[in-house]
Every structure is written in structure tokens, then in C-alpha cells.
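Here's a structure for you.
The values are calculated or read from the model by the stated rules, or taken from the named source; none is laboratory data. If you're wondering where the values come from, they're calculated on a predicted model, not measured in any experiment. Here the Cβ positions follow ideal geometry from the backbone for every residue, glycine too, while neighbour counts run over all protein chains shown.
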């Protein structure tokens, strides 16, 4: 409920500073929700990355650009229609899903329990999520670091182009 | 399919996440300010994460960190660790794309002196007209 309120406020507010702060609060509340849903590692990352790093990045962008959003004059009906259509389709999709938190849903039956039983034998680490992330999915994590590296390179290239342009002018 | 109270209660979390996701989508589609679009994209993304984590949740379960080294895991219920791993990767990739998007916004602001999508489109169309006129003149002469 809090999350929905924050999202709606982010929609209506015009001061970007408030919007960005709300975005940080949104991440923090969602981290709490992750803890409630037993995903402590995810909550940790979300609180550090979502509420910390991305808020700082957005504030830096805001400082470099503008602070107040202009009034948008475009019609609201078309976006609303698109959003409603997507919502109806998605809710229709959830009707076939098992109830929240059930034991015998297809997602719980196969791989999850296997990993829970073999991780400690294979590695001796009690934290299963870390075990899977660093070992069974080591290549995936390597690819992830490549993505981060590429993004960092992209940001550096984009922003270093700025200074060169200013010098020329 | 029988829709009773139990069914509704069991599906309410999913529907809340979908509503959250839709509000993110609505911000992205309806607002012209580019920074606000990125915020909307973040909301969208986080709600998808919540949805994934909710699939791995088991009632009465605990975090997938093994409690006793010798204890058999059948005694304690752990939530499914696989969605957690997936989402950990996704969060980090998400911050990477956010950073890239924000860098692009700074660049756009430098080039157009605005971060409003409507203004940018107007300027683009003006430029296009100018360009077309020039081309017509050149081909005529």
C-alpha cells in the first residue's frame, strides 16, 4: 500500500528532487518487502544499490540538468488505455497461478530443493544464494560484470564527450 | 475455476505487484520529463523483482541460509533460492542501465538544452524541415 502511494505521488509531483527522493524511499520499502518474503540477499542489494547508488546518480543528473518538470500537455487517454489493457492481460495471466506461498507449486518442486540439499555438500557455505551465484552460476555472474563494465565504459565515453565539445565551442 | 475468498487472498499479492508495475509503466508512457521516465522505469523494474521473489516464497519458510551444519534440511522449510539469485543479477544489471540512461539524459540536455520529450521532438521536426528545404534548394540549383 505504501508502495502504491509512493508510486502515485511520484506520478503527480513536479519537483524532481521530491520525485527522486520518493524513488529512493520506494526502493527502501521494497527492500523491507523482500525481507518479509525471505529474500535477505536481494533486500541487501536493493537497499544498497536501489536506494543508495541509483538515488545518488539521479541526484547528480538532476544537478546537471533541471530541477522542475514542465507541464505535459499531451492527452492522457491513450497511455491510460494502454496501461489498462496491459493490466487486464496480466491479471488474466495470474488467474492460472498457484496461490501465494504454496508448497507444491511447480516453481518449488524441482531445482530449488535440489540446490538446497547439495550446496552445503559441494561448497560448505551455508548461504545457498551466494553459493549458487558464485559457483553454479559463476559464468552468469561473470557476464553480469561484463555488462556493468560496458555500462561504465558507456557512461565514461558519453560524459567525456561533453567536455571535449565544450572546449571546442 | 472457482473464485472464492481463498483464491482472492492467494492472488492479491500478485495483483498488487501488477498495479505497481502499471503505475511505473504509466509514468514512463505519459510523462515527458526524461528523468521522471527513468524513475518510472525503476518502479516498473522493482515491481517485476517483487513478483519474481513472491513466486519463490513459501508459507512458514525462512531465508535460504542453512541453519545447522549437520541438520537435515527437511526439518526446516527454506524459500526457493533460485529466484533470489536471478533477481540479484537483475538488480545489478538494472543499475547499470539506469546509469547509462542518466548519462544519455545529460548528453541530451547538453545538445538540446532541455529534458522534456515534447520540446525535443519539436526541435527535431524544425531541424528536419530546415534540412529538407536546403536539400530541395540544392537539387533545384
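Looking at the range B:17-48, which of the residues that are more than 22 Å from residue A:61 (Cβ to Cβ) and more than 7 Å from chain A (Cβ to nearest Cβ) is surrounded by the fewest Cβ atoms within 10 Å (Cβ to Cβ)?
The selected residue is B:48.
Let me ask something else. For the range A:45-63, state whether one or more residues are outside any helix (DSSP H, G or I) and either within 24 Å of residue B:37 (Cβ to Cβ) or at the interface with another protein chain (Cβ under 7 Å from one of its Cβ atoms) (or both).
Scanning the range A:45-63 turns up no residue that is outside any helix (DSSP H, G or I) and either within 24 Å of residue B:37 (Cβ to Cβ) or at the interface with another protein chain (Cβ under 7 Å from one of its Cβ atoms) (or both).
Here's something else I'd like to know. Does residue A:151 meet the test of being surrounded by fewer than 17 Cβ atoms within 10 Å (Cβ to Cβ) and more than 30 Å from residue B:5 (Cβ to Cβ)?
Working: surrounded by fewer than 17 Cβ atoms within 10 Å (Cβ to Cβ): no; more than 30 Å from residue B:5 (Cβ to Cβ): yes.
So residue A:151 fails the test.
While we're here: Report, by residue number, each residue of the range A:104-136 that is closer than 26 Å to residue B:21 by Cα, within 9 Å of another protein chain (Cβ to nearest Cβ) and modelled with pLDDT under 75.
Once the filter is applied, which keeps residues that are closer than 26 Å to residue B:21 by Cα, within 9 Å of another protein chain (Cβ to nearest Cβ) and modelled with pLDDT under 75, the range A:104-136 yields A:105, A:107, A:108.
Would you be able to tell me the number of residues in the range B:93-119 that are under 18 Å from residue B:40 (Cβ atoms) and out of contact with any helix residue (DSSP H, G or I) (no Cβ under 8 Å at 6 or more places or on another chain)?
Matching residues across the range B:93-119 total 1.
Give me the residue from the range B:108-117 that is facing another protein chain (nearest Cβ under 7 Å) and farther than 11 Å from residue A:61 by Cβ and, out of that set, surrounded by the most Cβ atoms within 10 Å (Cβ to Cβ).
B:116
Let me ask something else about it. Filter the range B:68-99 down to the residues that are modelled with pLDDT of 85 or more, over 12 Å from residue A:54 (Cβ atoms) and surrounded by fewer than 22 Cβ atoms within 10 Å (Cβ to Cβ) and list them by number.
Across the range B:68-99, the qualifying residues are B:86, B:89, B:90, B:93.
Report, by residue number, each residue of the range A:32-44 that is more than 7 Å from every other protein chain (Cβ to nearest Cβ) and crowded, with 22+ Cβ neighbours inside 10 Å. Reasoning before the result, please.
First, the residues of the range A:32-44 that are more than 7 Å from every other protein chain (Cβ to nearest Cβ): A:32, A:35-36, A:43-44.
Selection gives A:43 alone.
Is it the case, given these coordinates, that residue A:93 is out of contact with any helix residue (DSSP H, G or I) (no Cβ under 8 Å at 6 or more places or on another chain), over 22 Å from residue A:40 (Cβ atoms), in a helix (DSSP H, G or I) and at pLDDT below 75? First the steps, then the outcome.
Working: out of contact with any helix residue (DSSP H, G or I) (no Cβ under 8 Å at 6 or more places or on another chain): yes; over 22 Å from residue A:40 (Cβ atoms): yes; in a helix (DSSP H, G or I): yes; at pLDDT below 75: no.
Answer is no for this residue.
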